[in-house]
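Single-structure report; data block below.
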Amino acid sequence: MIEDHSTRRGPDWRRKAVADHVLSAGSVSAAELAEQFGVSLMTIHRDLDELERQGIVRKYRGGVTAQPSGVFESNVAYRMKSMRHAKDAIAERAAALVEPGMAVMLDDSTTALALARRLVGITPLTVVTNFLEAMNLLARERDIRLMALGGDYDPLHDSFLGVSCVDAIESFRVDLCFVSTSAVSAGFAYHQEQHIVSVKRAMLAAASRNILLLDHTKLGRVALHRVAPLETFERVVVDDGADAEALRELDEHKVAYEVAATS
């Protein structure tokens, strides 16, 4: 219990601490949070209501989660922490597809961000992205021409979205586009949020070649909106946590894929 700190520092500090705890744990009950922070269950529920309003967590009966569902996407802070080794392995494999002189587009996925970290040594390069974290990462790289996609800033994804972002994307033609989606099943890639789908579709249409980056937890799942058929992608790069059944489904839909080793 951390009652003294929670009381002394006030509700803003406590809500940040609650958010950090949920993002780290993935899911937790409201009763556990009330005990840990030394406040009433009613107070914790008020905190969780505010954090849910901000898009940081999602409440369910008796608890709260930062994990995604078929309808809700996770906050970027949670996605930055999850499946790190798999994303690094996927990014390492995907980086081999990039050659100096190319124009590359990256979506606002944390897997694409892992790829962005590996582009520094593959220059000169033009990188187009709507992900603020990737912009900050690449902004000071002298041999990378960074082209930032504007639009409406969305703190849940730490990226720029909306009609103006789609309009900006449509003015480009790039060599390679790297995107990730929340789910893949029955020959389609899916995502929970319609405004994300429109941006990803525009990105795919703006590229000569498209690569889908997926950690294995996204295989065999569905989300609310179809993004694109898997035939839209030249190949899928997935980590070696994917089981035989999930890979067999890709084979059945004649999807070219590469498996990235995590060790």
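Have a look at the DSSP beta bridges in the chain and tell me what percent are antiparallel, nearest 5.
Bridges in the chain are about 40 percent antiparallel.
Mind checking which of 143, 107, 215 has the largest fluctuation in a GNM of the chain, springs on alpha carbons under 10 Å?
143
With the Cα gyration tensor of the chain giving a ≥ b ≥ c as the square roots of its eigenvalues, does the rule (a/c under 1.5 for rounded; else a/b larger than b/c for prolate; else oblate) give rounded, prolate or oblate?
Prolate.
Just 135, 203, 42 to compare: in a GNM of the chain, with alpha carbon springs under 10 Å, which one fluctuates most?
42
Any idea of residue 170's accessible area? Nearest 10 Å², probe 1.4 Å.
Ignoring ligands and nucleic acids, residue 170 comes out at about 120 Å².
Order the following by accessible area, largest value first: 90, 56. Probe radius 1.4 Å; ligands, DNA and RNA are ignored.
So, going from the largest accessible area down, we get 56, 90.
Which value in nm describes the separation of the simple spin-label points at residue 251 and residue 145, placed 7 Å from the Cα toward the beta carbon?
The two pseudo-label positions are separated by 4.3 nm.
Which of 181, 111, 65 ends up with the largest GNM mean-square fluctuation for the chain, with Cα atoms connected below 10 Å?
65
So how far apart, in nm, are the two label points at residue 231 and residue 16 if each is 7 Å from Cα heading toward Cβ?
Roughly 5.2 nm, to one decimal.
Might you report the magnitude of the Cβ-based charge dipole of the chain about its Cα centre, with Lys and Arg at +1 and Asp and Glu at -1, to the nearest 20 debye?
Dipole about the Cα centre, nearest 20: 280 debye.
Find how many whole Å separate the alpha carbon centroid of region 217-263 from the alpha carbon centroid of region 135-197.
After rounding, the separation between the Cα centres reads 20 Å.
In what sequence, largest accessible area first, do 49, 152 appear using a 1.4 Å probe?
The most accessible residue leads, giving 152, 49.
Only sites in a loop by DSSP and with at most 10 other Cβ atoms within 10 Å count here; which trypsin sites (Lys or Arg not before Pro) in region 210-263 make the cut?
254
Can you give me the long-range amide H partners of residue 38? Hydrogens built in the peptide plane at 1.01 Å from N, cutoff under 5 Å, separation of 5 or more residues or another chain.
2
Please work out the Cα convex hull volume for region 91-199 and give it in Å³ per residue. Walk me through the numbers on the way to the answer.
On the way: hull volume 11.2 nm³, N = 109.
Convex hull of Cα atoms, per residue: 103 Å³.
Excluding ligands, DNA and RNA, what is the solvent-accessible area per residue of the chain at a probe of 1.4 Å, expressed in Å²?
Accessible area per residue: 47 Å².
If I compute solvent accessible area with a 1.4 Å probe over the protein chains, what percent of it on the chain is carbon and sulfur?
Roughly 49 percent, rounded to a whole number.
Among DSSP beta bridges whose residues both lie in region 109-217, state the antiparallel percentage, nearest 5.
On the way: 7 of 17 bridges.
Taking every DSSP beta bridge with both residues in region 109-217, the antiparallel ones total about 40 percent.
Mind running the shape call on region 208-250? Use the C-alpha gyration tensor, a ≥ b ≥ c as the square roots of the eigenvalues: rounded below 1.5 for a/c, prolate if a/b tops b/c, oblate otherwise.
In terms of gyration-tensor shape, oblate.
The values are calculated or read from the model by the stated rules, or taken from the named source; none is laboratory data. The structure displayed is predicted, hence computed values, not measured ones. FYI the Cβ positions are ideal-geometry reconstructions off the backbone, even for glycines, and counts take in every protein chain you see. The accessibility values were calculated without ligands, DNA or RNA, using every heavy atom of the protein model including side chains. Shrake-Rupley method; radii C 1.70, N 1.55, O 1.52, S 1.80 Å.
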